[in-house]
1. Could you bin all the Cα-Cα distances of region 3-109 into 10 Å bins starting at 0 and give me the percent of pairs in each, rounded to whole numbers?
2. Between region 18-62 and region 65-96, what's the alpha-carbon centroid distance in Å?
3. For a quick protection proxy, order the peptides 94-101, 43-50 by their average other-Cβ count within 10 Å, most packed first.
4. When 59, 91 are ordered from fewest to most other Cβ atoms inside 10 Å of their Cβ, what list results?
C-alpha cells in the first residue's frame, strides 16, 4: 500500500490515474488557483472561508467561486460548511501522489532506470 503523509493525517492514496493527474495539473496551472492552493496549505487544517480567500488574493468573490470549483473538482481542495460560510482546506497528499505519478512516467520512459 502507498501511504502519504499530508499536513492533516496519513491517508492511503492509490496510484494516480492519467485523467486525475491531468485534472490536478490543469487546476494548478493558473496563477490565482496556485496561489489559493499554497495559501490553503499554509492555513493548515483550519482552512479559510471562501470570502477570506477572495479578499486575500484580491479577486472578486464571484470569480473566486469559479476558481474554487475548479480546484474542488480536481480534488486539490476540500470544503466543509461552517454555519453560513464554506471553509476550504488543501488536500496536501494530492501533490505527493502527482509527484509519484510523474516520477513513474519518467521511469517508464527511461526503461525503468532509477530516477534521482
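Derivation of every value follows stated rules applied to the coordinates shown; laboratory data play no part. Everything numeric in this text was worked out from a predicted model, so none of it was measured. Here Cβ is always computed from backbone atoms with ideal geometry, including for glycine, and neighbour counts include all displayed protein chains.
1. 15, 47, 29, 8, 1
2. The distance from the Cα centre of region 18-62 to that of region 65-96 comes to 8 Å.
3. 94-101, 43-50
4. Fewest-to-most Cβ neighbours within 10 Å comes out as 59, 91.
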